[in-house]
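Below you'll find the structure, written out as structure tokens, and then a few comments.
The values are calculated or read from the model by the stated rules, or taken from the named source; none is laboratory data. This is a predicted model, so every value here is computed, not measured. Positions of Cβ are backbone-derived with ideal geometry, glycine not excepted, and every protein chain shown enters the neighbour counts. When the accessible area is computed, the model is the full protein with side chains, heavy atoms only, and any ligands, DNA or RNA have been set aside. Shrake-Rupley method; radii C 1.70, N 1.55, O 1.52, S 1.80 Å.
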2 protein chains.
Amino acid sequence: MTSVEEPARPNGRIRDAARTRAEILDVATQEFARAGYDGARVDEIAARTRTTKRMIYYYFGGKEQLFTAVLERSYGVIREAEQGLDVEHLDPVAAIRRLAELTFDHHEAHPDFIRLVSIENIHGAEHIAGSEKLGRIGSPALDVIRRILESGRESGLFTADVDAVDLHAMISSYCFFRVANRHTFGALFGRDLVDPAQREHYRSMLGDMVIAYLTADRATG
Amino acid sequence: MTSVEEPARPNGRIRDAARTRAEILDVATQEFARAGYDGARVDEIAARTRTTKRMIYYYFGGKEQLFTAVLERSYGVIREAEQGLDVEHLDPVAAIRRLAELTFDHHEAHPDFIRLVSIENIHGAEHIAGSEKLGRIGSPALDVIRRILESGRESGLFTADVDAVDLHAMISSYCFFRVANRHTFGALFGRDLVDPAQREHYRSMLGDMVIAYLTADRATG
DNA sequence: TAGCTAACGTACTGGTTCGTACATTAGTGA
DNA sequence: TCACTAATGTACGAACCAGTACGTTAGCTA
């Protein structure tokens, strides 16, 4: 979500395809996240850029393709963050905890992305399915998880024979729910899951949960 | 989601306020879950009932209030299910596992409800906030969790000093994510989280996770 | 510097969609 | 059985909104 900030010469139009495109994407991300796909207004997006609706159709073709472009960029951001993951110098337990915490942090830092994913799920992930960039894109974090799990199993620290994708789902579900369902959860239980004062509590709870699962003696229960 | 099925006398209109109201709610639930709040079409809802759009406005007042009514009924269903919870005769570990499994089952059995909750979160839970029936409704499951946790702590089975609401969030997040994010997860990782063949796997994984967390020695990690 | 094209703006349209004015009838109680 | 009201149907309007036809200009290049 690289934001566009330029000296902005005072008057008249300046030609800058890249800036215009990026600005449309920025505003569209906010608008789609705010109101959902059908609730988002192309006119509103246009009004909040320094350009016009015409340009949205010029660059993206239509509302649908614009939403796909917004998704593609948002997933690109998380991919980049995951590519920078540097936890494999840690011992497996610490590495997994650190990975979980980074996932936690990223979700918290990008609520718009979480909303976009929720919206995309309402629509059956049809935009992802129709995108060349996104189909079966996977996640760099998965490879990291795979390697940590392997070394954890080898060293005997992890008792469970856990699949990397499953563990990724487990971590993601916790991080995702906390942000995505913040509003209904708060309204029903009177507790803000994203309360900054509770941040550390929820963050360590995630690590505790994952580590407990990976190191548990499966005889119990 | 009590579905309406009556002998349906062949011709002419029958006056049945309750049936008409319930039928509208049934169809509206499907339509809102299908397309989201803004994507849902009042005309479409009307067309799929045995009555007309006029009746939607007669009984509910408008699209917004109809959505609120749909939410109220859906939450009512889950409340009822939770009220029937009968796990306290089990030992704490088995009771928690059973509770988690029932949550798992309910989420899987009511994907429309999950979608409605996702949609309501996109809209900041404003309908719940504006509903007398739903504000701070809480959840019967919470009381059950509270009691199980207490007895588990007393008997020394649970090492962790866990809050009931937090544990409820933990269980819910796993169950919710699996259904709500099924589509994006499937599109990105090529794995269907709701694949019936994997159902038992994910169900026991949830129980293992929760029990491991509750019985773990917090020194690790 | 002429001319060409990518980039941009304006104004409009056609279909959609929530909501309602008005007319009607089924069933009930006096 | 008559009248009254809750329940229902029809037809329409007005606003909204995605998308486009058409015209304009900035800036590069030959």
- Determine whether the range B:99-119 contains at least one residue that is among the basic types (Lys, Arg), closer than 30 Å to residue A:114 by Cα and either touching a residue at least 40 places away in the same chain (Cβ under 8 Å) or within 16 Å of DNA strand C (Cβ to nearest atom) (or both). yes
- Query: Counting only residues that are away from DNA strand C (no atom under 16 Å from the Cβ) and out of contact with any His (no Cβ under 8 Å at 6 or more places or on another chain), which one in the range B:50-81 is nearest to the other protein chains (Cβ to nearest Cβ)?
  - Reply: B:75
- Scan the range B:58-82 and report the pairs whose first residue is within 15 Å of DNA strand D (Cβ to nearest atom) and whose second residue is not in a helix (DSSP H, G or I), with Cβ atoms within less than 8 Å and a gap of 6+ or a chain change. B:63/B:40
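Yes or no, residue by residue, for (1) of a type in the set (Val, Ile, Thr); (2) touching a residue at least 12 places away in the same chain (Cβ under 8 Å); (3) open to solvent by 30 Å² or more (accessible area, probe 1.4 Å); (4) at the interface with chain A (Cβ under 8 Å from one of its Cβ atoms):
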site	(1), (2), (3), (4)
B:133	no, yes, yes, no
B:162	yes, yes, no, no
B:184	yes, no, no, yes
B:211	yes, yes, no, yes
- Could you grab me the full set of residues in the range B:107-131 that are of a type outside the set (S, T, N, Q) and facing another protein chain (nearest Cβ under 7 Å)? B:115, B:117, B:119, B:120, B:122, B:124, B:125, B:128, B:129
- What helices (runs of 4 or more DSSP H) lie completely within the range A:98-185 and have 2 or more residues being farther than 18 Å from residue B:173 by Cβ? A:111-122, A:126-129, A:140-154
- Message: So residue A:88 passes all but one of these: (1) over 28 Å from residue A:204 (Cβ atoms); (2) not in a helix (DSSP H, G or I). Which condition number does it fail?
- Response: (1)
- Query: Quick check: anything in the range A:35-42 touching a residue at least 40 places away in the same chain (Cβ under 8 Å) and assigned to a helix (DSSP H, G or I)?
  - Reply: yes
- Any idea which of A:33, A:94, A:47 is away from DNA strand C (no atom under 13 Å from the Cβ) and not assigned by TED's automatic domain parsing to the domain that holds residue A:153? A:33
- Query: Where residues in the range A:26-49 are more than 17 Å from the chain's Cα centre (by Cα) and among the acidic types (Asp, Glu), which of them is least open to solvent (accessible area, probe 1.4 Å)?
  - Reply: A:38
- Taking only the range B:43-55 into account, find how many residues are closer than 22 Å to residue B:117 by Cα and either basic (Lys, Arg) or touching a residue at least 24 places away in the same chain (Cβ under 8 Å) (or both). 0
- List the number of the failed condition for residue A:52; all other conditions in (1) open to solvent by 20 Å² or more (accessible area, probe 1.4 Å); (2) under 17 Å from residue A:111 (Cβ atoms); (3) modelled with pLDDT of 95 or more; (4) among the β-branched types (Val, Ile, Thr) hold. (2)
- Note on the structure: A careful count of residues in the range B:186-195 that are surrounded by 21 or more Cβ atoms within 10 Å (Cβ to Cβ) and more than 14 Å from residue A:135 (Cα to Cα) gives 1
